[in-house]
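Below: the structure, in structure tokens.
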Amino acid sequence: MVNSSSFSGFDYYNALFFHTKMNAVLLIDPNGIILETNDAFGLSFGYTEDDIVGQHFSVLFSDADKKKDLPEREIRMVLDTGQSFDNNYMVNKDKKLTWVSGESVLVTNDKHQKCILKIIQNIHSQKESEYSIIRLNNFNENILGSILDAVIVIDNDFEILKANRSFTQLFNFSDQEVAKIDFKSFISKFDVNSELYNAISNIFQTSNANSKVQLDIDFAGAEPQTFDISCTILAEEGEQTRVLLIFHDITAQKQVERQREDIMNFVAHEFKNPLTNVMLSIELVDAMLKEKGLSEFNESMQLTRNNARKLNKLIDELYKSTKLISGNFDPERSLFDLDEMMDEAIQSTRQLFKKRAIVKTGTANVSLSADRDKISQVLTNYLTNAIKYSDGNEGIEVSSKIENEIVIVSVKDSGKGIPEKDLPLIFNRFYRAPEAKSSEGLGLGLFLSKQIVAAHGGKTWVESEEGKGSIFFFSLDIATS
Ligand code: ADP
């Protein structure tokens, strides 16, 4: 430490005392009596020279600090060592407490009198932000600790940077163990198709915001549990990218879904045969009645036949949906001309709804290798819906086109359209808009269409405006179709 410098000729004390705005300066005698204060002190803490000069400097200390004997200790320290430093509360004139950072040094004037020069900085706002960061941190830690979902944060080496209590409990790790886990090899035991690994890697490589993966996790000696794992990027400027993983247990939900599937499967199977018999009997009885010339039963026979057909159709749809859901659907692919198939579907819809105009506005001119009957079923669903959910004489436009090796088929109506809030639900199983309840249906048509197209690796979607109409689309990759 050098005690003099080339600047030693300058008038430091006056500059510090009279001209600084942020450094409050006090001159205190060795007994702690305040001799002088500068303007910055008055401005920062509200005292005038008259208020404070002549007082013991302990008035500036909080009661808690006075109890700890801090004023005396500070004086002793400065007199013994020449310097003292502290960070503590200071009492303002209005009794409010302000966080300050102060340094006191021993000074001697030209009459060889010793004094203590105390320089104080107001660090209240820094301290407040420090506290609010600590509070926020505690708050986050408490939330993290109390949520039931297992949560971890990993870096791009798949090292676990943070894990909450639910995670350690779920996998039976101690806090020490969790920090040492190589998450990549740990999760690979469950992530047999590397779906989670690929999703996380993709986030690190492309900075994609997030993705979701479903994973069955086998715990020794227990039933496997199913988790929805959401992966979210945590990227802050200048910091290494991290990924937040939230493991949400959906085992119970899956079980309920499975039970519902089983019931539906059962109902569809068990109803199908008796109903086929009922329909056969209806035809037999009808033939007999006709033979005997009993025409007064014609109307009620027709009603019975219609109802039996309706029931049969509903059970058919239910049956098909359970088959698609249980993953039993494998498209029976054959090469066919898309336009020919579309013409046939249009033709048979026209026969059912004779008064409605269906026009073809574009043709892709392409052959596809796909399950012809099933793709035709998708188009017929779209066409029947377009008619069902639009009134009167509005025409329906059907079109197919190719964009980037993808064939896109669309059905446009000028009907009632779909409210924006319902759009994300429209392809869900059993979903029917409240207004649709008056028309016949189970809410399975679009669900089935989506499953069929998805089984071909394609996509289904809709654009719609309430009151104006809808366009339903499906697309298939030509290369794989
Ligand atoms: P369903 O027609 O048997 O109700 P879908 O799965 O085919 O079942 O359709 C689901 C719901 O989507 C319908 O109930 C209806 O509310 C809505 N929807 C389908 N197609 C259209 C359309 N072209 N215009 C308006 N709403 C439609």
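Convex hull volume of the Cα atoms of the stretch 66-111, normalised per residue: 101 Å³.
Helices of the chain meeting both criteria, an alpha-carbon length of 30 angstrom or more along the long axis and an average Kyte-Doolittle score not below -1.0, with helices taken as full DSSP H segments, are 124-146, 251-291, 298-325.
For the chain, the share of alpha carbon pairs falling in successive 20 Å distance bins from zero is 16, 28, 23, 15, 14, 4, 1, 0 percent.
Suppose all protein chains stay in the model; what accessible area per residue would a 1.4 Å probe give for the chain, in Å²? The partial results should precede the final answer.
Working: 28580 Å² over 481 residues.
Computed with neighbouring chains in place, this is 59 Å² per residue.
Residues in the stretch 12-24 carry Karplus couplings, in order, of 5, 4, 5, 4, 5, 6, 9, 10, 6, 10, 9, 9, 7 Hz; the curve used is 6.51 cos²θ - 1.76 cosθ + 1.60 with θ = phi - 60°, and Gly or Pro positions show x. Sparsely packed loop sites in the stretch 141-191 (the chymotrypsin sites (Phe, Trp or Tyr not before Pro) outside DSSP H, G, I, E and B with at most 15 other Cβ atoms within 10 Å) comprise Phe190.
Around Ile282, what is the net charge, scoring Lys/Arg as +1 and Asp/Glu as -1 over all other residues with Cβ under 13 Å from its Cβ? Write out the running numbers ahead of the final one.
Working: positive: Lys290, Arg305, Arg309, Lys310; negative: Glu283, Asp286.
The answer is +2.
When you filter the GluC sites (Glu not before Pro) in the stretch 153-207 for DSSP loop state and at most 10 other Cβ atoms inside 10 Å of their Cβ, nothing is left.
Count Lys and Arg as plus one, Asp and Glu as minus one, and take only other residues whose Cβ is under 11 Å from that of Thr37; the net charge is then -4.
Could you pull out the pairs from Lys21/Lys96; Lys184/Lys450; Lys127/Lys180; Lys437/Lys459; Lys290/Lys374 whose alpha carbons sit more than 30 Å apart here?
Checking Cα-Cα distances, Lys184/Lys450; Lys127/Lys180; Lys290/Lys374 exceed 30 Å.
In units of the rule-of-thumb radius 2.2 N^0.38 Å, the stretch 1-150 shows an alpha carbon radius of gyration of 1.30. Find the percent of Cα-Cα distances in the stretch 81-235 that exceed 24 Å, and round it to a whole number. Every Cα pair in the stretch 81-235 considered, those over 24 Å come to 56 percent. Dividing the helix sum by the residues of the chain, where each DSSP H run of 4 or more adds -39500 (n - 2.57), gives a mean residue ellipticity at 222 nm of -13000 deg cm²/dmol.
Within the chain, what whole-number % of the accessible surface is contributed by carbon and sulfur, with the 1.4 Å probe and all protein chains included in the calculation?
Working: 14750 of 28580 Å².
Carbon and sulfur together cover 52 percent of it.
Other residues whose C-beta falls under 12 angstrom from the C-beta of Ile346 contribute a net charge of -2, scoring Lys and Arg +1 and Asp and Glu -1.
When you have a sec, figure out the Kirkwood radius of the stretch 328-446 from all distinct Cα pair distances and drop it here in Å to one decimal? Working shown, then result.
On the way: mean 1/r = 0.0647 Å⁻¹.
One decimal place: 15.4 Å for the Kirkwood radius.
To the nearest 10, the accessible area of Val53 is 60 Å² with a 1.4 Å probe. Restricting the trypsin sites (Lys or Arg not before Pro) of the stretch 338-442 to loop positions (DSSP other than H, G, I, E, B) with no more than 12 neighbouring Cβ atoms within 10 Å leaves Lys354, Lys355.
Is the shape of the stretch 366-414 best called rounded, prolate or oblate, per the rule: a/c under 1.5 gives rounded, else a/b larger than b/c gives prolate, else oblate, with a ≥ b ≥ c the square roots of the Cα gyration tensor eigenvalues? Could the numbers behind the result be given before it?
Details: a/c = 3.75, a/b = 1.72, b/c = 2.18.
Because a/c hits 1.5 or more and a/b fails to exceed b/c, the stretch 366-414 counts as oblate.
Its residues counted as N, the stretch 183-235 yields a C-alpha radius of gyration over 2.2 N^0.38 Å of 1.21. Note: relative contact order over the chain, using C-alpha pairs below 8 Å and six or more positions apart, is 7 percent.
Each label point was placed 7 Å from the Cα along the Cα-to-Cβ direction; for Asn193 and Gln176 their separation is 4.0 nm. Pairs spanning more than 29 Å between alpha-carbon atoms, out of Lys254/Lys388; Lys354/Lys416; Lys272/Lys388; Lys254/Lys421: Lys254/Lys388.
Taking 16 Å as the straight-line reach from the Cα of Lys68, the aspartates and glutamates in range (excluding those fewer than 8 positions away in the same chain) are Asp86. When only alpha carbons are used to place a centre, the stretch 295-314 and the stretch 431-481 end up 30 Å from one another.
The values are calculated or read from the model by the stated rules, or taken from the named source; none is laboratory data. Note that the structure is a prediction, hence the values are computed from the model and not measured. Neighbour counts are summed over all protein chains in view; Cβ atoms, including those assigned to glycine, are modelled from backbone coordinates with ideal geometry. Quick note on the areas: whole protein, heavy atoms, side chains included, nothing else; ligands and nucleic acids left out. Shrake-Rupley method; radii C 1.70, N 1.55, O 1.52, S 1.80 Å.
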